[in-house]
Amino acid sequence: MPVLLPTSRSRRSAQRADAAMATPREHAVVIAGGGPTGLMLAAELALADVDVAVVERRPDQAIVETRAGGLHARTIEVLDQRGVADRFLREGEILQLTGFAWTPLDISDLPTRHPYGLKLRQTRIERILADWATELGVPFYREREVTGFAEDETGIAVTLSGGARLRTKYVVGCDGGRSLVRKAAGIDFPGTSPTLVNLMAEVEMREAPAFGLRHDALGFHGLSRTESGRVLVVVTEATLAATGQPALRDLSEALIAVYGTDFGVHSPAWISRFTDAARQAACYRKDRVLLAGDAAHIHHSVGGQGLNLGVQDAVNLGWKLAQVVKGLAPDSLLDSYHAERHPVAARVLKNTRAQIALLRRGDDGRKAAREAIAELLAMDEPRRRFGAMMSGLDIAYDLGEGHALLGRRMPDLELSIAGRKLRLFTLLHRARGVLLNFGEEGGIDPAPWTNRIDVVDAATDNAWELPVVGRVAAPGAVLVRPDGHVAWVGDGSQRGLAEALTRWFGPGGA
């Protein structure tokens with residue numbers, strides 16, 4: 001068993017633990033970083049009975065500052081697919097929080113069981129995910145960081161801070177935008193440099209602030225009240241030169257530059273600085289090293305897509321990595337992770353840059369463009385299209401020509417199975433593939449793969465409807481991957497099924 005380091009352990013105890021780890025501990029997968037992406041990936045791998053461990057520099061999941069503020073519809077669906085969405089819904093506030101360049105987008109009429117967002121701070125999201133991963137038996141190496149690794153033909157030797165060592169088959173860097181794993185692997189991180197710098201803080205103010213949003217020549221700004229009654233500040237700084245950890249004086253100066261006063265700002269709970277730099281890893285996989293979340297892509301927080309993007313990275317990668325580790329599928333399956341998720345993040349970087357361009361008030365022309373976009377998004381069809389994009393409901397992986405369902409997320413239909421009513425997402429709770437047969441009972445026989453997927457005879461009266469696409473023809477059968485995306489659509493025959501099963505679940509009988 002690994003050495004686990006609870007919050008209360010002293011530095012001396014940690015040193016003793018390191019000495020005890022002079023002989024490397026072994027895990028099939030080591031995840032660097034225990035944020036939302038790393039935690040979700042750990043849970044996915046644990047569901048597949050893979051020996052996975054998380055290395056996390058913090059003693060627990062506590063986050064002082066506000067980071068991400070909620071979950072979009074597709075992420076809620078993903079959690080629902082694993083049977084844990086209610087844990088988040090109980091603690092958050094259901095809202096229409098989707099938007100584009102501060103233009104609200106009501107997605108309540110999109111075809112999903114969750115046509116909304118969930119207001120929930122990242123610290124609470126992480127705590128729920130960490131509790132779930134712990135329930136699944138995932139060990140954590142806390143107050144540790146991955147400081148280096150060396151790859152050979154059979155695996156990777158990983159060095160942790162303090163000198164402890166681990167041995168693993170694969171390392172996944174979920175260690176943020178400054179990812180050591182990415183840098184050590186020599187993976188390029190091209191993109192655009194900052195054009196603006198924002199300060200964000202939670203503070204108290206002696207004077208009544210001017211709540212609301214504002215645009216000016218510097219950029220965009222906002223003051224709002226937090227759940228605790230304090231003031232959440234977002235303000236654009238006047239210069240790009242500011243770097244490092246900001247102080248109260250920096251915040252005061254930025255407020256005065258925008259509002260003419262700092263409203264008597266005092267007692268900050270935290271202050272952070274972030275930019276609109278947009279970068280993406282050139283490849284998400286290099287041999288036995290993979291990247292996910294902010295380690296693979298960074299962008300401005302406008303639109304609230306970052307955490308959601310990372311969690312969905314984890315769900316795409318987890319089942320694939322599990323099958324490779326267990327020898328069920330060839331190593332080449334991991335290449336599909338980059339092929340599918342890199343374009344998704346590239347689109348997020350693109351729409352984020354577009355939003356920043358609209359929000360910056362450089363001249364009257366830009367203001368007019370922003371107003372024109374807002375007018376356009378008030379129309380139903382553009383609203384639905386952009387709402388589906390920003391909430392992640394329209395993601396479609398390129399799996400070739402065929403039925404409109406192919407490559408898209410499977411709708412959560414109400415099914416009738418052996419006389420019982422059951423939601424489709426409940427069939428995905430174990431993170432296994434599901435072959436759904438809507439034709440003659442027993443009409444599909446994927447015998448060589450039945451140890452890797454569940455085969456279900458089902459019926460449904462629901463309409464088959466997809467965001468943006470609309471109504472689609474009801475299929476005779478569908479193969480749903482563990483991440484909830486459709487890998488094959490049957491037309492009454494098994495044509496192409498064996499090829500799809502081999503592609504996603506390895507050779508039959510392996």
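Of Leu232, Leu255, Leu218, all but one fail to be farther than 23 Å from Lys367 by Cα and either assigned to a helix (DSSP H, G or I) or among the aliphatic types (A, V, I, L, M) (or both); the exception is Leu232.
Hey, can you tell me all the residues within the range 22-42 that are more than 18 Å from the chain's Cα centre (by Cα) and among the aliphatic types (A, V, I, L, M)?
Filtering the range 22-42 for residues more than 18 Å from the chain's Cα centre (by Cα) gives 22-30.
If the condition is that a residue be more than 18 Å from the chain's Cα centre (by Cα) and among the aliphatic types (A, V, I, L, M), then Ala22, Ala28, Val29, Val30 are the ones that fit.
From the residues in the range 198-221 that are in contact with a Leu (Cβ under 6 Å, 6 or more places away or on another chain) and touching a residue at least 60 places away in the same chain (Cβ under 8 Å), which one is most open to solvent (accessible area, probe 1.4 Å)? Per the criteria, the residue is Glu202.
Among the strands (runs of 3 or more DSSP E) confined to the range 264-321, the ones with at least 2 residues that are within 26 Å of Ser252 (Cα to Cα) are located at 265-275.
Conditions tested, residue by residue: (1) modelled with pLDDT of 95 or more; (2) farther than 22 Å from Leu79 by Cβ; (3) surrounded by 19 or more Cβ atoms within 10 Å (Cβ to Cβ).
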position: Thr426; (1), (2), (3): yes, no, no
position: Gly439; (1), (2), (3): no, yes, no
position: Ala447; (1), (2), (3): no, yes, no
position: Leu466; (1), (2), (3): yes, no, yes
position: Pro475; (1), (2), (3): yes, yes, yes
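Pull up the range 80-102, narrow it to residues that are touching a residue at least 60 places away in the same chain (Cβ under 8 Å) and among the aliphatic types (A, V, I, L, M), then point me to the one that is least open to solvent (accessible area, probe 1.4 Å). So the residue we want is Ala101. Filtering the range 103-115 to residues that are at pLDDT 95 or above and open to solvent by less than 40 Å² (accessible area, probe 1.4 Å) leaves Leu105, Ile107, Leu110, Pro111, Thr112, His114, Pro115.
Residue-by-condition table, conditions (1) open to solvent by 30 Å² or more (accessible area, probe 1.4 Å); (2) of a type in the set (Asp, Glu); (3) in contact (Cβ under 8 Å) with a residue 60 or more places away in the chain; (4) in a helix (DSSP H, G or I):
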| site | (1), (2), (3), (4) |
| --- | --- |
| Asn351 | no, no, yes, yes |
| Lys367 | yes, no, yes, yes |
| Phe386 | yes, no, yes, yes |
| Lys421 | yes, no, no, no |
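In the set (1) part of a loop (DSSP other than H, G, I, E, B); (2) crowded, with 19+ Cβ neighbours inside 10 Å, Asn462 fails one condition alone, (2). Do we have any residue at all in the range 243-264 that's touching a Lys or Arg at 6+ places or on another chain (Cβ under 9 Å), open to solvent by 30 Å² or more (accessible area, probe 1.4 Å) and under 30 Å from Ile156 (Cβ atoms)? Looking through the range 243-264, none of the residues is touching a Lys or Arg at 6+ places or on another chain (Cβ under 9 Å), open to solvent by 30 Å² or more (accessible area, probe 1.4 Å) and under 30 Å from Ile156 (Cβ atoms).
Filter the range 449-459 for residues that are surrounded by fewer than 17 Cβ atoms within 10 Å (Cβ to Cβ) and either in contact with a His (Cβ under 7 Å, 6 or more places away or on another chain) or outside any loop (DSSP other than H, G, I, E, B) (or both) and give the result. Once the filter is applied, which keeps residues that are surrounded by fewer than 17 Cβ atoms within 10 Å (Cβ to Cβ) and either in contact with a His (Cβ under 7 Å, 6 or more places away or on another chain) or outside any loop (DSSP other than H, G, I, E, B) (or both), the range 449-459 yields Asp454, Ala459. For the range 388-410, a residue qualifies if it is of a type outside the set (D, E, K, R), touching a strand residue (DSSP E or B) at 6+ places or on another chain (Cβ under 8 Å) and open to solvent by less than 10 Å² (accessible area, probe 1.4 Å), and the qualifying residues are Met390, Ser391, Leu393, Leu405, Gly407, Met410.
Of everything in the range 330-343, what is under 24 Å from Leu39 (Cβ atoms) and of a type in the set (Gly, Ala, Ser)? Give them in sequence order. I'd like the intermediate steps shown before the answer.
If we filter the range 330-343 for residues that are under 24 Å from Leu39 (Cβ atoms), which is where we start, we get 333-334, 336-338, 340-342.
Once the filter is applied, which keeps residues that are under 24 Å from Leu39 (Cβ atoms) and of a type in the set (Gly, Ala, Ser), the range 330-343 yields only Ser336.
Is it the case that some residue within the range 172-191 is more than 28 Å from the chain's Cα centre (by Cα) and either open to solvent by 30 Å² or more (accessible area, probe 1.4 Å) or of a type in the set (Val, Ile, Thr) (or both)?
Pass one, the range 172-191, residues more than 28 Å from the chain's Cα centre (by Cα): none.
Looking through the range 172-191, none of the residues is more than 28 Å from the chain's Cα centre (by Cα) and either open to solvent by 30 Å² or more (accessible area, probe 1.4 Å) or of a type in the set (Val, Ile, Thr) (or both).
Looking across the range 465-506, just one residue is outside any strand (DSSP E or B), within 18 Å of Phe438 (Cα to Cα) and acidic (Asp, Glu), and that is Asp491.
Could you tell me whether Gly69 is within 30 Å of Leu466 (Cα to Cα), out of contact with any Phe, Trp or Tyr (no Cβ under 9 Å at 6 or more places or on another chain) and open to solvent by less than 70 Å² (accessible area, probe 1.4 Å)? Step through it out loud before you land on a result.
On the way: within 30 Å of Leu466 (Cα to Cα): yes; out of contact with any Phe, Trp or Tyr (no Cβ under 9 Å at 6 or more places or on another chain): yes; open to solvent by less than 70 Å² (accessible area, probe 1.4 Å): yes.
Yes; evaluated as a whole, the condition is true for this residue.
The values are calculated or read from the model by the stated rules, or taken from the named source; none is laboratory data. Predicted model only: the values in this text are computed from it and were never measured. In this analysis, Cβ positions are derived from the backbone assuming ideal geometry, glycine residues included, and neighbour counts consider all displayed protein chains. The area values use the complete protein model at the heavy-atom level, side chains included, leaving out ligands, DNA and RNA. Shrake-Rupley method; radii C 1.70, N 1.55, O 1.52, S 1.80 Å.
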